[in-house]
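See structure below.
The values are calculated or read from the model by the stated rules, or taken from the named source; none is laboratory data. Computed from a predicted model, the values in this text were never measured in an experiment. Using ideal geometry, Cβ is built from the backbone for each residue, glycine included, and neighbour counts are taken over all protein chains shown. Calculation scope for accessible area: heavy atoms of the full protein, side chains included, ligands and nucleic acids excluded. Shrake-Rupley method; radii C 1.70, N 1.55, O 1.52, S 1.80 Å.
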Amino acid sequence: MTHEIIKIEGMTKVYDTGEIQVAALNSIDLTIHKGEFISIMGASGSGKSTLMNILGCLDRPTSGHYYLEGVDVMEKSDNELSAVRNKKIGFVFQSFNLISRTSALKNVELPMIYGKIGAEERKERALELLKNVGLADRSHHMPNELSGGQKQRVAIARALANKPQIILADEPTGNLDSQSSVEIMEIFTQLNRKEGNTVIIVTHERDIAEFTDRIITFKDGNIIRDEYTREVGQC
Amino acid sequence: MLVFENIMLALTAIKSNKMRSFLTMLGIIIGISSVIAITSIGDSAKGVVGKEFESFGMNNMYLYPNWELTQDGVEESDLITPEDIEALKARFPEDILYAVPNVSANSDTKVGRVEGKFSMTGVGADYGKFKKNLSILHGRMINKSDVAGGKDTIVIEKKAAMNLFNKENAVGETISVVINGEMKDLTVVGVYEVPSSLFDSMFMSQSYSAYVPYPILVVGDGSAWAVELYTNEKKDQAALGNEFVKYLSRIKDKAPNFYIFESAESQMTTINKVLGTLSLAIGAIAAISLVVGGIGIMNIMLVSVTERTREIGIRKSLGARTNDILMQFLIESMIISAIGGVIGTTLGVAIAAVGMSFAKIAVVIDPKVIVLAVGFSAIVGMFFGLYPARKAAKLDPIEALRYE
């Protein structure tokens, strides 16, 4: 018996560019269970990033329903969506998106600041998270003093700051060399296997997708394939 | 909500762009410092005027006919007679402490080969008691018997003694002057000194000042165009003046406002009013530069929002609410202008202090002005920071994240 953490019904997203209307998502239905390790594949413009933005509550669909833990997110206010992003979702981006001129530690503390967690607890947890990704000795380094792989590990630590259930990673290995890519994917695998996080990764690289249990392929705003790479659902 | 974090964040942002932050503050610094310097200089000048008036007695007053009501010049019947003065004194025994016809005379004099010119003021017996800044160096002031007997005595200023007699103590010397067409030899009974005053330069005079008993200056029946009073200083001078004028007009059978009064207090009020208006006007012009400074802040905050678009997107994706971003930028602009305000205040006070020390005037700084200036600069920061902050807060997170 698995718990449906994300359920999407008939979701459509249309970008109105004035003269022409582009349907980025075309009436999508998708269900994701708690603890799944999923990759979303597709060429650029296939709608995978649009889906990611909507899943991350950064954007709203034109029509359709998005139930996050059984609650329809479309009915929530902007401030409530901010709280959802803060508490329930951890973002990891292709270009790391660390705040420059701000130490690794402060970057990791950021979601906790918006989550109104006290300064001491914040610092303690941020240090622990950095230790978990192997960067305990880099906590006071600025982003420009870190390598790509290190930056992405800081970003993962930051994504985990408020203990979200869902991790959304948009091309997390896109700017990394192959060795760092493997290291980052191993961290995601660990998070999924040991911590039970639901991990959703957008990628266009087949070998990155191979790390995950389920590969969903997009084309022109439609899901054209949804396959399991190994036996799952035994939990 | 997150105020402390936002302040730390703002300070970091200001520190990481030191030059830019300073230039942005400069507008506020110049605005605040000029407002404070100007108002402090104005207040200091007022303080000086007040001291000056106190030194020669705030209860000094003159009564005289209102020139505007005397159509063909002052007539014989308009003059104030010794009887009028006695009547006034009798009517207001508590309030009039000293009343003497306002008489004066100018005369050339020659002592040996040294020439000089005297400007003599007729005074009564107690004049020295009321004229507070006058100090007798040698001899004495004009006294009761000088006045009663109309004695040919004179009290001269130290400068005259030094120049004419080549010594400070000129008591006993004789000075020949012409009073009302008559040659008179006056015996010096005292030498006085008055501390140098702000008004010295206003009344440029070649002649020496001197005091003589008033009876030797009066003509005819002793009438004069004005009467000099020293009043009960515990009472409201304007109210006293009005009562005196009303009474004098009545006994002289004139219209109630035929005579007018001029008190030291009313003169001081006039001067202070002029000074106050002047510093307010210049201060208002200086305040315009504060607005210009505010526009500078707005401009740089708009640049900052654009530069940090991506950062705003990141913060939003991590759970920052619209208000969190709004506060972040608002607090940053407020801190920039508050720091500018504090620096400007310090600078303004320093300018006022240096300027006043050159003029050898005690600096008066109204703490209200400082609170007002710093408060106003923070409001300027808030007002001009609001638009950029709202712009930042309203950014769409996806657009912001994509921004290069």
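So here's what we get for this one:
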| item | result |
| --- | --- |
| Filter pass, B:A239 being modelled with pLDDT of 85 or more and in contact with a Phe, Trp or Tyr (Cβ under 6 Å, 6 or more places away or on another chain) | no |
| Counted residues, region A:99-119 - those being within 16 Å of B:L2 (Cβ to Cβ) and either more than 10 Å from chain B (Cβ to nearest Cβ) or in a helix (DSSP H, G or I) (or both) | 10 |
| Index of the failed condition, A:Y15 passing every other in (1) in contact (Cβ under 8 Å) with a residue 40 or more places away in the chain; (2) within 14 Å of chain B (Cβ to nearest Cβ); (3) open to solvent by 70 Å² or more (accessible area, probe 1.4 Å) | (1) |
| Test: residue in region B:44-55 that is of a type in the set (S, T, Y), farther than 30 Å from B:Y98 by Cα, assigned to a helix (DSSP H, G or I) and open to solvent by 60 Å² or more (accessible area, probe 1.4 Å) | no |
| Residues of region A:18-28 classified as under 13 Å from A:G221 (Cβ atoms) and either of a type in the set (G, A, S) or without any contact (Cβ under 8 Å) to a residue 60 or more places away in the chain (or both), total | 5 |
| Flag for B:G139 being open to solvent by 50 Å² or more (accessible area, probe 1.4 Å) and more than 19 Å from B:E115 (Cα to Cα) | yes |
| Restricting region B:306-344 to residues that are among the charged types (D, E, K, R) and more than 10 Å from chain A (Cβ to nearest Cβ), the residue that is surrounded by the fewest Cβ atoms within 10 Å (Cβ to Cβ) | B:E307 |
| Residue ranges of strands (runs of 3 or more DSSP E) in region B:93-138 with at least 1 members farther than 26 Å from B:E233 by Cα | B:104-111, B:114-123 |
| Search result, residues across region A:32-77 that are under 25 Å from B:N323 (Cα atoms), β-branched (V, I, T) and in contact (Cβ under 8 Å) with a residue 24 or more places away in the chain | A:I54 |
| Residue within region A:74-97 that is in contact with a Cys (Cβ under 6 Å, 6 or more places away or on another chain), more than 7 Å from chain B (Cβ to nearest Cβ) and open to solvent by less than 50 Å² (accessible area, probe 1.4 Å) present | yes |
| For B:M162: the one exception among (1) open to solvent by 70 Å² or more (accessible area, probe 1.4 Å); (2) in contact (Cβ under 8 Å) with a residue 60 or more places away in the chain; (3) touching an Asp or Glu at 6+ places or on another chain (Cβ under 7 Å) | (2) |
| Count of residues meeting criterion [open to solvent by less than 20 Å² (accessible area, probe 1.4 Å), closer than 17 Å to B:V188 by Cα and touching a Lys or Arg at 6+ places or on another chain (Cβ under 8 Å)] in region B:97-112 | 2 |
| Residue list for region A:64-73, filter: open to solvent by 50 Å² or more (accessible area, probe 1.4 Å) and among the hydroxyl-bearing types (S, T, Y) | A:Y67 |
| Every pair of residues 6+ apart whose Cβ atoms lie under 9 Å, when the first sits in region A:117-145 and is over 16 Å from A:F96 (Cβ atoms) while the second is open to solvent by 100 Å² or more (accessible area, probe 1.4 Å) and of a type in the set (A, V, I, L, M, F, W, C) | A:A119/B:F4 |
| Among (1) within 12 Å of chain B (Cβ to nearest Cβ); (2) farther than 23 Å from B:A13 by Cβ; (3) hydroxyl-bearing (S, T, Y), the one test that A:Y66 misses | (1) |
| Among the candidates B:A400, B:A352, residue that is within 14 Å of another protein chain (Cβ to nearest Cβ), open to solvent by less than 40 Å² (accessible area, probe 1.4 Å) and of a type in the set (G, A, S) | B:A400 |
| Flag for B:Y192 being of a type outside the set (D, E, K, R), open to solvent by less than 50 Å² (accessible area, probe 1.4 Å) and modelled with pLDDT under 90 | no |
| Every residue from region B:134-145 that is touching a helix residue (DSSP H, G or I) at 6+ places or on another chain (Cβ under 9 Å) and within 21 Å of B:V227 (Cα to Cα) | B:L134, B:M141, B:I142, B:N143 |
| Residue match in region A:21-43 (condition: touching a His at 6+ places or on another chain (Cβ under 6 Å), under 16 Å from A:L168 (Cβ atoms) and among the basic types (K, R)) | yes |
| Pairs with Cβ under 6 Å, 6+ apart, first in region B:19-46 and of a type in the set (G, A, S), second assigned to a helix (DSSP H, G or I) and open to solvent by 40 Å² or more (accessible area, probe 1.4 Å) | B:G27/B:V292; B:S33/B:L347; B:A37/B:I351; B:G42/B:L275; B:A45/B:L275 |
| Region B:239-260, residues that are over 21 Å from B:E75 (Cα atoms) and exposed (fewer than 13 other Cβ atoms within 10 Å of the Cβ) | B:A239 |
| Those residues of region A:29-61 which are over 22 Å from A:Q94 (Cβ atoms) and either of a type in the set (D, E, K, R) or surrounded by 20 or more Cβ atoms within 10 Å (Cβ to Cβ) (or both), in sequence order | A:D29, A:K34, A:G35, A:R60, A:P61 |
| Region A:63-111: number of residues that are within 24 Å of A:N132 (Cβ to Cβ) and polar (S, T, N, Q) | 8 |
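Quick grid of which residues meet (1) at pLDDT below 95; (2) small (G, A, S):
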position	(1), (2)
A:E171	yes, no
A:L176	yes, no
A:S180	yes, yes
A:L191	yes, no
A:G196	yes, yes
A:V199	no, no
A:T203	yes, no
A:D207	yes, no
